[in-house]
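The numbers here are math on the coordinates, done by the rules we state, and not lab data. None of the values given here were measured: they were computed from a predicted structure. Don't worry about glycine lacking a Cβ; one is built from the backbone with ideal geometry, like all the others, and counts go over all protein chains shown.
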Amino acid sequence: MSTASGWRDRARLLPDPAIRRVTWLWAGWVAILLLFQAAAWMRLDVTGPDTSYGWTVEHSTDTPRTGIGLSHVRWDSYHYLRLAQFGYHRAEDAAYYPAYPVLMRGVARAITRPLMPWASALQQYAVAGMAISIVATLPAVWAMHALARDVLGSDVDALRATAYLLIFPTTFFMLQVYTEALYLALAIPALLMAVRRRWWAAGALAALATITRATGFLLVGAIGVYWYTDWRAGRRPAWRTLGALGLPAGAFLAHRLFLRLSDLDQDAAFAGYGRSVLNLDGLREISHQLGQMVTDPMGAVQIGLDVALPLLALWGCWRVRRAAPGLALYGAAAVILPLVTGTLVSLNRYALAATPAFLGLATAGRDPLVDRLWTLGSVLLLALHVVTFAHGYWAG
Amino acid sequence: MTAPEPTAHPANAAAPDRPRWRAVVLLWLGWYLALIVFQQVVWARFTLDRPDFAYPWTGDMTAGYADGPETGPWFYARWDSPRYVAIAREGYRPASGITDDRAAFYPVYPLLMRAVHSVALAPLGLDDWAPGGRAHASYALAGMIVSAGMSLAAALAMYALAWDRLGPQDAWRATVYLLIFPSALYLAQVYTEATYLAFSLGMLAALYRRRWAIALPLIVVATLTRAVGLFLVLPFAAVWLRDWWNGVRPPRWALLGVIAPPLVWLAWNRWIASLGVDPVAVYASFNREVLSLRGLFDLVGDVLYIFREPNAVHVALDLVMALGGIALCLVALKREPGLALYGLAALALPLSSGQLTSISRYVLAAVPVFLVLARAGERPVFDRVWTIVSLLWFALYGVLYVHGFWLA
């Protein structure tokens, strides 16, 4: 065997330069954001309470936890930690999906507990959750780059779309004990597989995304649009591939059944958080929250972002409606579904799930001026969110 | 006589063949609006617990709350800003004897503030404007107007300079990097940074185009804007001597650009002394004594303080800024010796007084920093990563400034 052919074989194992660039970008982003969060914690001392939504006051008076892993545990993180440690018991647990806590339990038992015997159980689980989030962001950005390259057709646009994902104002949730990173690590590859007509892979990933977050089920729509488009175009995918659409539905039903057997009611749990689809009370709640913007400066900023970021995501999806109708549909649905549950709370975070919006933004960013100005605005808002989150304020 | 400056930038097919001045103006406008709005948003969203222990001495100076947006332009005026307002209103009358601290501040910026106030604001009847009970707001507004205009001029000058030195794509990037630099928020506040950069970068752009008649007055004005302007003689002399060495024979009168700044600087100090103020004592009152043993102890003390106080992460950031600035100037030494020496001098002067304090602001004057970064930014990943680093740092400094914490 010649040495030259051996080198060729090895070279094939290396990722292409574009993937290497994205990997470096991801590594830099992880390091920068973790350092910034630590620096923001040390340098600033934000005094509570947070009045942005009236109910945030009582939850933001205590000093937030610090320490490895625990600095990234705020708000919903505690629900996931409790689920990972103790499983589904409380009524409110039903509002949270199981994939992330199940994975957290596995990592905690297999890795962090043996490695950190001195740490409290909460910290062991927190470090496990954070590790999952950090690791999951890598396949998410790889898939984002591949998806953007497939849809937009250029490496430059793909890198821009990936960068926009990483600087989105609420993207820091991907490095916390939150489901965002794991969800995107499943949802974006699912979209990529749909675009590439790998129906079963898309369906399986969508099924996993469905048991990670509620919006995962909407991926069925994206896969369905591509399947139908192929059918209309005469490419005639095999009928049996429609079974791929059943996988997320199966996952969804299995989760509902599990909750029922655990004597938990998911709809009641959502209602406990003020979320019920197309309810008139929801309209009243939204108008009340909009009123809060006028009366409270903190509310003006936070609720303003809860309104502005989903609108921006919808605009981004609209821009790619022709190039990628299935993606645009999913992105719009991922924003609209939480909106119709009758509250503006967390919409800024949910906008992150509308990943096709980044393709739309990336096309706008072909103008260097737009690119720089959006980057400027986005990173400033990202910094604002990180500071508030680190200090236990409501961030999304 | 002029000579084309050798440029090493590679031809770029995608690069514009003519300067995109309009894009730079729009970039500046977007930046300015984003910054002004960001400051309001930060104020509205949260409050910081006081005092600030960034440096051992900042605790005593940050016990009270800072002016809010209800005070109008005073919201954008912190720390040194009231001194500029006082100078613009009253001049340099020594109010507190030989150590009157106004004497440490150079006259061009407050003179421009006074001019804008007299020409544009006083006729509108804004003399008695006191939003939120803060008097003399019209002078603070004049300071903001001057800074806004000068920051635009600085951005355009940076673009022109980098276009000549590096090429079209890098010129755009250098301008962006200047505007998003961690301490660039000072360009929009009641501070002298924008004015100094407008004159110094304008001087350098004219110098490298051999517009001696433009560069000469600008170097004098820059020297009267900030002390560091004195070091602009280094690139000026380097360009003149290189031309001479290459047989281009620049005009002899252009050598005034090397002689005038020290003379102007001396004249300024003599005038200050004639008012009964001792310039050396004034600087000492700010704990700035060049090459003193006490300064060295202060420096060591500040570095050790990093390990004693969480807020002192600020000192660590200042240290990183100083070392990073020096390293980038050294990188530029071979390619741009005149500019690199100027940048190094701009950093060495404050550091030689044993103070890391304010170094993040002083780095703005070190032009090679932006040129080296712009070249490195030809790699897309570096460009994105540096942009994120710089903007997050910029935002952190913005938060500190808004709430009246120590920044620089």
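Largest mean-square fluctuation among A:Val386, A:Val22, A:Val73, in a Gaussian network model of chain A whose springs join Cα atoms under 10 Å apart, belongs to A:Val22. Both radii come from the Cα set of the stretch B:111-179: Rg as radius of gyration, Rh as Kirkwood radius; their ratio Rg/Rh reads 1.24.
Among the trypsin sites (Lys or Arg not before Pro) in the stretch B:273-340, those located in a DSSP loop and surrounded by at most 13 other Cβ atoms within 10 Å of their own Cβ are B:Arg308, B:Lys334.
Over the protein assembly as shown, all Cα pairs binned in 10 Å intervals from 0 give whole-percent P(r) values of 2, 12, 21, 23, 18, 12, 7, 3, 1, 0, listed from short to long.
Ordering B:Trp265, A:Trp318, A:Trp199 by the number of other Cβ atoms within 10 Å of each residue's own Cβ, fewest first, gives A:Trp318, B:Trp265, A:Trp199. Protection proxy ranking for B:383-390, A:121-128, using the average of other Cβ atoms within 10 Å per residue and placing the highest first: A:121-128, B:383-390. Each part reduced to its alpha carbon centroid, the stretch A:54-80 and the stretch A:193-237 end up 36 Å apart. The alpha-carbon positions of the stretch B:21-402 define a convex hull whose volume is 150 Å³ per residue. Taking B:Ser274, B:Ser360, B:Ser200 in turn, the Gaussian network model of chain B (Cα-Cα springs below 10 Å) assigns the largest fluctuation to B:Ser274.
Give the Rg/Rh ratio for the stretch A:17-390, taking Rg as the radius of gyration of the Cα atoms and Rh as the Kirkwood radius, to two decimals. My calculation puts Rg/Rh at 0.95. Answer rounded, prolate or oblate for the stretch A:282-396, using the Cα gyration tensor with square roots of eigenvalues a ≥ b ≥ c: rounded when a/c is under 1.5, else prolate when a/b is larger than b/c, else oblate. It comes out oblate by the Cα gyration axes. Relative contact order, whole percent, for chain A stands at 21, derived from Cα pairs under 8 Å and 6 or more residues apart. Separation of the stretch A:108-176 and the stretch B:142-169, taken as the distance between their Cα centroids, equals 38 angstrom. The Cβ shell under 15 Å around A:Ile303 holds other residues with a net charge of -2, Lys and Arg each +1, Asp and Glu each -1.
Net charge dipole, the protein assembly as shown: roughly 2720 debye, given to the nearest 20, about the Cα centre with Cβ charges of +1 for Lys and Arg and -1 for Asp and Glu.
For chain A, a Gaussian network of Cα nodes joined below 10 Å ranks A:Ser52, A:Ser378, A:Ser154 by mean-square fluctuation, and the top entry is A:Ser154. Sort the stretch A:247-337 into rounded, prolate or oblate with this rule: let a ≥ b ≥ c be the square roots of the eigenvalues of the Cα gyration tensor; rounded if a/c is under 1.5, and if a/c is not under 1.5, prolate when a/b is larger than b/c, oblate otherwise. Because a/c hits 1.5 or more and a/b fails to exceed b/c, the stretch A:247-337 counts as oblate.
For the peptide B:389-399, the mean number of other protein chain Cβ atoms found within 10 angstrom of a residue's Cβ is 6. Relative to one another, the C-alpha centroids of the stretch A:276-303 and the stretch B:219-275 are positioned 61 Å apart. Assuming a ≥ b ≥ c are the square roots of the Cα gyration tensor eigenvalues, decide whether the stretch B:250-408 counts as rounded (a/c under 1.5), prolate (otherwise, with a/b larger than b/c) or oblate. Oblate, since a/c reaches 1.5 and b/c is not below a/b.
From its DSSP helices (H runs of at least four residues, each -39,500 (n - 2.57)), the protein assembly as shown gives a residue-normalised ellipticity at 222 nm of -20500 deg cm²/dmol. When you restrict to C-alpha pairs under 8 Å that are six or more residues apart and normalise by the size of the stretch B:264-367, the relative contact order lands at 32 percent. For A:Val46, nonlocal amide neighbours, meaning residues 5 or more places apart or on other chains whose placed amide H falls under 5 Å from its own, are B:Asp49.
Projecting the Cα atoms of A:Ile19, B:Ala254, B:Val233 onto the charge dipole of the protein assembly as shown (Cβ charges, centred on the Cα centre) puts A:Ile19 farthest toward the positive pole.
Of the residues B:Ser147, B:Ala395, B:Leu304, the one whose Cα sits farthest towards the positive end of the charge dipole of the stretch B:21-402 is B:Ser147 (charges of +1 on Lys and Arg Cβ, -1 on Asp and Glu Cβ, taken about the Cα centre).
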